[in-house]
Amino acid sequence: MTVDCMVEDKRWGDIDALAQVATDAVLERLGVEPAAFEISLLACSDARIAVLNEDFRGKPRPTNVLSWPSDERGAVTDGEMPLPPKVGKDQELGDIAIAYDTCAREAAEAGKSMRDHTIHLLVHGTLHLLGFDHERGRDATLMEGLETEILGKLGIPDPYRD
């Protein structure tokens, strides 16, 4: 997977390496060749993501991660797997933005490392680019199950377990 990182907030440090780990893990789990695809990542602050959240979702507040798929890939039926991207046709999967302040606050509140929480949010965002969602019940169960499985293979505990 090629992840083109634009780091606006220098507190993110080496987010490039974490992004590579997260995105490759998602595509490998789904049986898709990571080297054939690209994602753009904006590593920013809460102030920047709040503007994006308002512009694109009408919510004038910060959030942890936003995703913009390059194509609609979601399943029609609740709980079904989305169609995988096609090599050559869907080279660019889309864009992700992640906010440092919110990510750091959530990690601290949950007693998680910043590294683990960042990887979780990048896995979550990548799944959104691939058509997964959590708006409907069975879709949410599918997406959370994949997140938990992928993170487990990376040695990161289940983020949904109390």
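Here the 3J(HN,Hα) profile of the range 2-19, calculated from phi with Karplus coefficients 6.51, -1.76 and 1.60 at θ = phi - 60°, is 9, 10, 8, 9, 10, 9, 8, 10, 5, 4, 5, x, 8, 5, 3, 5, 5, 4 Hz, Gly and Pro shown as x. List the residues whose amide H sits under 5 Å from the amide H of C5, counting only those 5 or more places along or on another chain, with H placed 1.01 Å from N in the peptide plane. Long-range HN contacts for C5: L41.
R48 sits among other residues whose Cβ lies under 9 Å from its own Cβ, and their net charge, with Lys and Arg +1 and Asp and Glu -1, is -3.
Highest first, please rank the peptides 120-127, 16-23, 142-149 by the mean number of other Cβ atoms sitting within 10 Å of their residues. Walk me through the intermediate numbers first.
Numbers: 120-127: 26.0, 16-23: 20.5, 142-149: 17.8.
Ranked by mean Cβ neighbours within 10 Å, highest first: 120-127, 16-23, 142-149.
As a proxy for reagent exposure, I150, I49 were ordered by neighbouring Cβ count within 10 angstrom, fewest first; the result is I150, I49.
May I ask you to compute the full-extension gain from K112 to R29, defined as 0.36 nm times their residue separation minus their alpha-carbon distance, rounded to one decimal in nm?
Values: separation 83, 0.36 × 83 = 29.88 nm, distance 2.36 nm.
Working it through step by step, the gained length comes to 27.5 nm.
Using the Karplus relation 6.51 cos²θ - 1.76 cosθ + 1.60 with θ = phi - 60°, the per-residue 3J(HN,Hα) values for the range 120-136 come to 4, 5, 6, 5, 4, x, 5, 4, 4, 4, 8, x, 7, 8, 9, 7, 9 Hz, with x marking Gly and Pro.
In terms of its Cα atoms, the range 2-153 spans 35, 32, 32 Å along the principal axes, sorted from long to short. Each residue in K112, K89 was given a count of other beta-carbon atoms within 10 angstrom of its own, and listing them fewest first yields K89, K112.
For E92, nonlocal amide neighbours, meaning residues 5 or more places apart or on other chains whose placed amide H falls under 5 Å from its own, are E38.
Taken together, the values in this text are just the output of simple stated rules run on the coordinates, not laboratory data. A quick note: this is a predicted structure, and the numbers were derived from the prediction, not measured. Note: ideal-geometry Cβ built from the backbone for every residue, glycine included; neighbour counts use all protein chains shown.
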